[in-house]
Amino acid sequence: MKPAERPLDAPRAPAPARPLISLQGASVRFGDVQALRDVHLQLHQGDRLALVGANGSGKTTLLRLLNGLLPHEGRRTLHAADAAGRRPVSAMVFQRPFLLHLSVRQNLRLALWLARVPRAQHEARLQAALARVGLEALLQRPARALSGGQQQRLALARAWAVRPDVLFLDEPTASLDPSAKREVETLIDEFGRDGMTLVMSSHNLGQVKRLASRVAYLDAGCLQVDLPVDDFFNRDALPEAALQFLKGELPWH
């Protein structure tokens, strides 16, 4: 008997997202302080993962661990970023970007050099990155003379220029005024829409709603919740600590 054929117009099931980074039983200790405990987490291509929790809950530690910056117990696994087996490229943007006492151009060129981008590509990537964040007119300006919002946009340009598969963001708008915050949020959202995988720590739950597709809630170094963003904010079946966190951050509820 001939097997049934799939109709030509039948929708195909979406391909599962490619895993990029996995943590299995990952723990981090700083002296006597257990900063993270037995974390199991998988980051997939296209995720917009927001890390939330109270101060000291382990958000920044988890962010840095995912980026490979901390010694740890347990396993951290990098998966292939494409069919050719290429390792994923990552970049990180901090709340207060570290900029050298150099021009905007030189800060970008240094990032490209550190990322081992071929020298012949530097100028094109530099120009494209500055145009991407709207700073092309400030090429020769001393980077530390820029406003706070411009400095953060330069940090985003510097990250974008190395073509990362994963962009890590540690409280990227916490020190910005409302106008600069909107500009930076817009850029982050556009990066995500272009297919970049995002991992962001944030205390701003409104920002999490706007930018994230998935929320991981940490409490005392333990990963308590990992849910799609809508499920997290609908608060069905959340543990008590997460409910109290939401009540404290969202008093209008």
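Tabulated results
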item	result
Members of region 148-169 found to be more than 16 Å from Met196 (Cα to Cα) and of a type outside the set (Gly, Ala, Ser), listed by number	Gln150, Gln151, Gln152, Arg153, Leu154
Residues located in region 25-61, provided they are farther than 9 Å from Gly221 by Cβ, assigned to a strand (DSSP E or B) and free of Cβ contacts under 8 Å to residues at least 60 places away in the same chain	Gly25, Ala26, Arg29, Phe30, Gln42
The lone exception for Gln106 - which of (1) open to solvent by 50 Å² or more (accessible area, probe 1.4 Å); (2) assigned to a loop (DSSP other than H, G, I, E, B) it fails	(2)
Selected residue [assigned to a strand (DSSP E or B), modelled with pLDDT of 95 or more and charged (D, E, K, R)] from Arg64, Arg75	Arg75
Residue within region 231-253 that is open to solvent by 70 Å² or more (accessible area, probe 1.4 Å) and either within 11 Å of Arg48 (Cβ to Cβ) or touching a Ser or Thr at 6+ places or on another chain (Cβ under 9 Å) (or both) present	no
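The values are calculated or read from the model by the stated rules, or taken from the named source; none is laboratory data. Because the structure is a prediction, the values reported are computed rather than measured. All Cβ positions, glycine included, derive from the backbone under ideal geometry; neighbour counts span all protein chains shown. Surface areas here come from the heavy atoms of the whole protein model, side chains and all, with no ligands, DNA or RNA. Shrake-Rupley method; radii C 1.70, N 1.55, O 1.52, S 1.80 Å.
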